[in-house]
Each structure stands twice: as structure tokens, then as C-alpha cells.
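For reference, the structure discussed in these notes is given below.
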Amino acid sequence: MRPIFTLIELLIVIAIIAILASLLMPALHKARMRAQCTTCLNNLNTLGKSLFLYCNDSNDFLPLGAYTSSDSLESKSWQHFLSPYCTRFKNAQEARLSCAGMLGTEETEKRHLDLMKPFVCPANEMRTWFQKMASLKIYSGNYAANGRAWGGPFAMPADPTQYRSKIHQFDRLSFTGAIWDGGGATAPNALAAYTTYITYNNSNLIAGYVHSGKTNILYLDGHAKTPVKINPTLDMFINPDSPTLLFRKK
């Protein structure tokens, strides 16, 4: 009785499958990258809506980029201020306590970031700033923000309202970068400084070019996009010495 398949026939079938797989893998990889980019843009759109809701509830004030205290559990970042509008956390302090309690081990870190999904770009290998530098634990997720222009970092017990910017103080909102993919510099001291004191000239050093060499950006008018090319510096209008003079691009 003739066997169902001869050895040669079996090898031919395996070779055909291998060829088809080699042709499909690049297409699947591209599809996955596109899906991740779309998820990231959706995240940024969600954060944009959260930012507007925060401003609406805060007399037009933008959230502080960072607010530090001698009690680390009282320190907060812009992610914590926005989290009540896009996660299950009821307030910024609840999000901060989750951040402090869960970052550090792979299992607990994943649990925290699952709760902070809008703040995590799936295309970025850096899941949270804590992976870059332990002192950046205050920043949940892997996005960077124009927090210096919004206000901060300022240490308690200073009145944060005297340092915060209002969204109507910005001109050309559709050209002012608000939130984008994070990553960038590997030198710890530089990274800590750039994450906290962002300027037009160093914003590229904390940007994560994770979407085929590009960075997704949310602008202050609420629209998010992938730039057509790599920006050497992100679109920002900032004078770090005066939160009210943010209109001139250097």
C-alpha cells in the first residue's frame, strides 16, 4: 500500500510552509506595529480629554508636572492628577499610593501599569520611567509631558496655584506639544533633569522614537498625531523662567 505522503512530498510541503511564513512574518510585524501605534494615539486622545476635564474642574489650570514633598507618598506627577479622569482611581493620591506600592517587582509593576493603561504605550520597551531610573518612580507609565510649561516641579508647602499655568495662557495650542512617547537619554543625571525641566531644546532627549523612528504627540488643542518625520526637537512654546511667556518657538 502506497504511503499517504512520501518523504519528498513532506519536505516539499514543509518548504512551502516555511516560505509562506517568511513572507507573512514581516507583514504581521508591520500590522502589529500599526496596531500599537493606533493604541498609542488612542491613549493620547484619552489623555487629551482627561486634560481638558482636569482644566474644567480646576478653573482652567493645567496639572503640575511634578509636586514634590519630603514625604514621598505626598509627591505627585501629572499622571496622578489626570488618573481620576481615565482610570478607576478616585483621586490623585490613590493613584500615587498604587504607584509607590507596586513599582519594583515585575509582577506588581504589571499590576499597577494594567490599572494605568492610558499612560502606557504598548510599542515602548520602557514600560515605566522607573525602569530607566529609580528616582523617576513618581512618573507612572512611559509618556513624557510638557510639565515644566504647565507648572512645576515645585516643592511643598509652596502654594502650587501661583506657579501653575492656565491653558488659555498658551497661544497656538495646535502647535504646542503636551504629551508624547517617552524614553530618550540613558545617562541617569541627564534623564532626571530633562524629565523634570523640559525645554524646547532638550525635549528630544526624553522622547521615545518607538513608532518606526517617530514619536506620537498630543497637542494642547487635543489632537494627537504621528509626525511625518523625526522632530529633532518637539514642537513646544516655552520660556522656563516664566510660565506665562510660552508663545515663542526658539
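For the reader, a short list of remarks on this structure follows.
- Nitroxide proxy distance, nm - points 7 Å out along Cα→Cβ at GLU94 and ASN42: 2.4 nm
- Summing +1 for each Lys or Arg and -1 for each Asp or Glu among the other residues whose beta-carbon sits under 15 angstrom from that of PRO26 gives +3.
- Two-site FRET efficiency, ARG32 against ILE12, from Cβ-Cβ distance with R₀ of 35 Å, rounded to 0.05: 0.70
- Whole-percent carbon and sulfur share, accessible surface of the stretch 3-50, 1.4 Å: 79 percent
- Under the simplified labelling scheme, the LYS49-PHE175 pair shows an inter-label distance of 2.9 nm, with each label point 7 Å from Cα along Cα→Cβ.
- Computed on protein heavy atoms with a 1.4 Å probe, the accessible areas place ARG96, ARG32, ARG127, ARG111 in the order ARG32, ARG111, ARG127, ARG96, largest first.
- Surrounding net charge for MET126, when Lys and Arg each add one and Asp and Glu each subtract one, Cβ distance under 15 Å: 0
- Measuring only protein heavy atoms, the 1.4 Å probe finds LEU53 accessible over about 90 Å².
- A 1.4 Å probe, protein heavy atoms only, puts the accessible area of ILE138 near 20 Å².
The values are calculated or read from the model by the stated rules, or taken from the named source; none is laboratory data. All values derive from a computational prediction rather than experimental measurement. Counting neighbours? That spans all protein chains shown, and the Cβs are built from the backbone with ideal geometry, glycine included. These area figures cover heavy atoms from the full protein model, side chains too; ligands, DNA and RNA do not enter into them. Shrake-Rupley method; radii C 1.70, N 1.55, O 1.52, S 1.80 Å.
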